[in-house]
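Heads up, the thing below is written out as structure tokens.
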Amino acid sequence: MNRPSWAPPEVDIEKPSIARVYDYWVGGTHNFPADVAVAKSIADKNPLLPRTLRSNRAFLRRAVKELTALGIDQFLDIGSGIPTEGNVHEVALENNPDSRVLYVDIDPVAVAHGKAILEGHPQAASLLGDLRKPGDIFASKEIELIDFSRPVALIFAAVLHFVSDADDPKAMLREFTAKLAPGSYVVISHAGMDKKPAPEEVPASAQETYVRNVSEVYWRDTAEVTDLFEGLELLEPGVVPVPLWRIGPEGDPEGFGAEAHALAGVAKKV
């Protein structure tokens with residue numbers, strides 16, 4: 001198998017990577033046969049999962065476009081995965097060529113690919129970091145790409161549902177938002193809905209495969225996700241199912257509507 005330039009020599013391209021599986025599900029091209037095989041196996045057992053992730057990626061694109069229209073030109077994307085296929089820097093730079101983006105992920109494979117993809121790109125970078133350790137992220141050299149004296153968009157797209165209540169996601173968020181200048185924004189999407197799916201709606205084999213490759217998912221309802229924005233000013237329409245947040249001309253191609261298994265919102269620090 002030929003190794004493309006975005007796959008560094010230290011990355012095993014014959015071993016499935018959940019970051020590349022995700023890339024395949026959202027329509028990306030940064031994946032290999034081993035990743036595709038796992039992606040198809042999980043999707044066969046739980047077709048809602050890749051559809052939900054595509055809907056989440058569409059929300060992320062809309063949110064970034066909205067924020068660039070509001071004058072935001074700096075983005076800190078926590079739990080970003082591989083920065084491909086309509087990711088933050090592509091959307092931000094299309095709308096404002098002066099935008100700067102720092103991607104942070106705990107998965108060394110995702111970060112290795114990210115560094116290779118963004119090599120030579122002066123306005124975007126990829127950092128290995130744990131969202132549970134904000135201090136380490138803010139102490140990194142890469143963080144210098146972001147000027148925290150000016151407004152920043154802080155993004156947690158489909159990542160906070162890996163943080164248990166015991167790990168106190170609100171306290172973790174406050175540590176991040178304390179660094180933000182007034183006029184900054186926080187973007188969150190999160191696994192959840194007000195009527196949680198019955199166990200039989202999420203096949204055990206598919207759930208076990210995903211959990212084994214990522215970590216346990218903690219579902220939260222609208223009130224719980226809204227509570228994560230405490231102290232911030234929610235933009236309209238508040239916390240809603242991902243396809244309904246400022247739905248664009250493309251509509252809801254996954255056909256979820258209010259039944260989407262993910263919630264989203266954007267709020268301002270005033």
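The values are calculated or read from the model by the stated rules, or taken from the named source; none is laboratory data. Please read all numbers here as calculations on a predicted model, not as lab measurements. Please note: Cβ atoms are built from the backbone with ideal geometry, for glycine as well, and neighbour counts cover all protein chains shown. Remember, those area values only see protein heavy atoms, side chains included, never the ligands or the DNA or RNA. Shrake-Rupley method; radii C 1.70, N 1.55, O 1.52, S 1.80 Å.
Brief remarks follow.
- Checking each residue in segment 160-178 for being outside any helix (DSSP H, G or I) and surrounded by fewer than 18 Cβ atoms within 10 Å (Cβ to Cβ) picks out 164, 168, 178.
- Residue list for segment 79-104, restricted to those being open to solvent by 40 Å² or more (accessible area, probe 1.4 Å), within 16 Å of residue 63 (Cα to Cα) and not charged (D, E, K, R): 93, 95
- For segment 108-142, filtered to residues that are touching a residue at least 24 places away in the same chain (Cβ under 8 Å) and over 30 Å from residue 170 (Cβ atoms), the residue that is most open to solvent (accessible area, probe 1.4 Å) is 115.
- Positions within segment 211-260 being more than 14 Å from residue 188 (Cα to Cα), in a loop (DSSP other than H, G, I, E, B) and open to solvent by less than 30 Å² (accessible area, probe 1.4 Å), in sequence order: 248, 251, 256, 260
- Scanning segment 126-165 for residues that are farther than 19 Å from residue 262 by Cβ, acidic (Asp, Glu) and over 14 Å from the mean Cα position of the chain (by Cα) yields a count of 4.
- All positions within segment 98-113 that are over 23 Å from residue 3 (Cβ atoms) and at pLDDT 95 or above: 98, 99, 100, 101, 102, 104
- Residue within segment 40-47 that is hydrophobic (A, V, I, L, M, F, W, C), farther than 27 Å from residue 102 by Cβ and modelled with pLDDT of 85 or more present: yes
- Restricting attention to segment 2-39 and to residues that are part of a loop (DSSP other than H, G, I, E, B) and aromatic (Phe, Trp, Tyr), the residue that is nearest to residue 253 (Cα to Cα) turns out to be 32.
- The residue that is farthest from residue 252 (Cα to Cα), among those in segment 45-78 that are charged (D, E, K, R) and part of a helix (DSSP H, G or I), is 45.
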